[in-house]
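Participant: I have a structure I would like to understand better, so I am pasting it below and will then ask my questions one at a time.
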Amino acid sequence: MKSYAMLVVLTVGCISFSQAQNGAQALKDAANRTVAKDPNDTIPQTWKTGGMYNLNFTQAALSNWAAGGDKSALSLSTLLSVYAFYKQGKNSWDNTLDLAYGLVQTTSLGTRKSDDRIDLVSKYGYDVGKNWYVSSLFNFRSQFAPGYNYPTSNTKILTSNFLAPAYVLLSLGMDYKPKNNFSLFLSPATARWILVRNDSLAAVAAYGVDSGKHSKFQFGAFASINYTAVIGKNASYKTKLDLFTDYLHHAGNVAVYWTNILEVKVTRLISMNLSVNMIYDNDIKSVKSDGSVGGPKPQIQEVMGIGLAYGFNNRKKPAAKPVAQ
């Protein structure tokens, strides 16, 4: 019930933005003809805000079905992706927040998570010319609810929880932005904290923290590549690749966090989206089918759904044409 309650909170929490417009009238000529005009038409827009909300739902039920299968299956997933971009003079400030949560329920397996992500990025830059910015970057990643590994259908092992793990990253470097849809951030000086705010996970040194400790400090090099593309009239693609290596422990090992989202609009409110994510971190050990801990392995997640999609932004509507009175 707590998991479904979280989905309801995310759904109700969908952000909407609106922009008020003010009109003014001025004397146009001796005939007292006036023109409706937006006084802000000539003022540059320093903030661009908006986002996308997706809600996908699938359901299946079988009764005396000769081909076999679960008696019932239900899945529900939600994704909220919002942004706030600021640009004035040589200063820029980019903020993005992705919140995702999904559940799958079947007769044989019960309820399990299919998606669970919190990803906040805030990046400030000062333009020094030729598409280069002196920049600082903050990133926070975690999840909403407990996660489990299932060695058998009747047993489960806790592997993660809210703030267990959580990654907090603070970086200083240079950002290269030749186009609005591409950026390359490079930093030789990045501080990263790994948080494990769960006693049982901290006791077994999960996610690279020392046994019994709830956090670990790392200092190293960081790179982040962000790219978006419009494919035809109804499709868009967004990818982010983060790379980090720790100078203090096992220098040369690279932690990889790579996200990909493809969205195809079917109608104004219905879309198909495909999300493929990959994580590799030498500090994250794999869990074998018998419940024992193995070595690090690539983590791959694929989620595809068709459902409701609602986009919103604060872009100004075209100015009204002059109206004679």
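The values are calculated or read from the model by the stated rules, or taken from the named source; none is laboratory data. Only a predicted model underlies this, so the values are computations on that prediction, with no experimental measurement involved. A quick note on method: Cβ atoms are made from the backbone with ideal geometry, for glycine too, and the neighbour counts reach across all protein chains shown. Please note that ligands, DNA and RNA were not included when accessible areas were found on the heavy atoms of the full protein model with its side chains. Shrake-Rupley method; radii C 1.70, N 1.55, O 1.52, S 1.80 Å.
Participant: Give the number of residues within the stretch 205-238 that are open to solvent by 40 Å² or more (accessible area, probe 1.4 Å), under 27 Å from HIS250 (Cβ atoms) and in contact (Cβ under 8 Å) with a residue 40 or more places away in the chain.
Facilitator: Result for the stretch 205-238: 2.
Participant: Among the residues of the stretch 110-119, write down those that are in contact with an Asp or Glu (Cβ under 8 Å, 6 or more places away or on another chain) and surrounded by fewer than 19 Cβ atoms within 10 Å (Cβ to Cβ).
Facilitator: Residues satisfying the conditions are ARG117, ILE118.
Participant: When you check PHE140 against the structure, is it without any contact (Cβ under 8 Å) to a residue 40 or more places away in the chain, closer than 24 Å to GLN299 by Cβ, hydrophobic (A, V, I, L, M, F, W, C) and open to solvent by 60 Å² or more (accessible area, probe 1.4 Å), yes or no?
Facilitator: Criteria not met by PHE140.
Participant: Moving on. Which of the residues that make up the stretch 200-235 are among the charged types (D, E, K, R) and within 24 Å of LEU137 (Cβ to Cβ)?
Facilitator: LYS216
Participant: To continue, here is another question. (1) in contact (Cβ under 8 Å) with a residue 40 or more places away in the chain; (2) within 17 Å of ILE225 (Cα to Cα); (3) in contact with a Gly (Cβ under 8 Å, 6 or more places away or on another chain); (4) open to solvent by 30 Å² or more (accessible area, probe 1.4 Å): which one isn't true of TRP93, the others all being true?
Facilitator: (1)
Participant: Something else: Give VAL128, VAL168 a once-over and let me know the one that is touching a strand residue (DSSP E or B) at 6+ places or on another chain (Cβ under 8 Å), of a type in the set (A, V, I, L, M) and closer than 18 Å to SER183 by Cβ.
Facilitator: VAL128
Participant: Got a number for residues in the stretch 144-178 being at pLDDT below 95 and part of a loop (DSSP other than H, G, I, E, B)?
Facilitator: 2
Participant: On to the next question. Output the residues belonging to the stretch 46-62 that are open to solvent by less than 90 Å² (accessible area, probe 1.4 Å) and without any contact (Cβ under 8 Å) to a residue 40 or more places away in the chain.
Facilitator: Correct list: ALA60, ALA61, LEU62.
Participant: A follow-up question, please. Based on what the data block shows, is PHE185 among the aromatic types (Phe, Trp, Tyr), more than 23 Å from LEU79 (Cβ to Cβ) and touching an Asp or Glu at 6+ places or on another chain (Cβ under 7 Å)?
Facilitator: In short, yes.
Participant: Look through TYR247, TYR257 and report the one residue that is buried (at least 20 other Cβ atoms within 10 Å of the Cβ) and either without any contact (Cβ under 8 Å) to a residue 24 or more places away in the chain or on the phi < 0 side of the Ramachandran plot (or both).
Facilitator: Going through TYR247, TYR257 in turn, just one is buried (at least 20 other Cβ atoms within 10 Å of the Cβ) and either without any contact (Cβ under 8 Å) to a residue 24 or more places away in the chain or on the phi < 0 side of the Ramachandran plot (or both): TYR257.
Participant: Quick one: GLY129 ticks every box in (1) surrounded by fewer than 15 Cβ atoms within 10 Å (Cβ to Cβ); (2) in contact with a Ser or Thr (Cβ under 6 Å, 6 or more places away or on another chain) bar one, so which box is it?
Facilitator: Answer for GLY129: the failing condition is (2).
Participant: Continuing with this model, one more query. Restricting to the stretch 283-318, count the residues that are of a type outside the set (D, E, K, R), modelled with pLDDT under 70 and open to solvent by 60 Å² or more (accessible area, probe 1.4 Å).
Facilitator: Qualifying residue count for the region: 2.
Participant: Let me ask you something else. Please state which one of LEU158, LEU163, LEU186, LEU170 is touching a helix residue (DSSP H, G or I) at 6+ places or on another chain (Cβ under 7 Å) and open to solvent by 20 Å² or more (accessible area, probe 1.4 Å).
Facilitator: LEU158 is the lone residue from the list that is touching a helix residue (DSSP H, G or I) at 6+ places or on another chain (Cβ under 7 Å) and open to solvent by 20 Å² or more (accessible area, probe 1.4 Å).
Participant: From LYS216, LYS233, which residue is more than 20 Å from ILE194 (Cα to Cα) and among the basic types (Lys, Arg)?
Facilitator: LYS233
Participant: Condition test on TYR101, is it within 24 Å of THR239 (Cβ to Cβ), of a type outside the set (D, E, K, R) and at pLDDT 95 or above?
Facilitator: yes
Participant: Taking the stretch 189-204 on its own, how many of its residues are under 22 Å from PHE144 (Cβ atoms), surrounded by 13 or more Cβ atoms within 10 Å (Cβ to Cβ) and of a type outside the set (Val, Ile, Thr)?
Facilitator: Residues flagged as under 22 Å from PHE144 (Cβ atoms), surrounded by 13 or more Cβ atoms within 10 Å (Cβ to Cβ) and of a type outside the set (Val, Ile, Thr) within the stretch 189-204 amount to 7.
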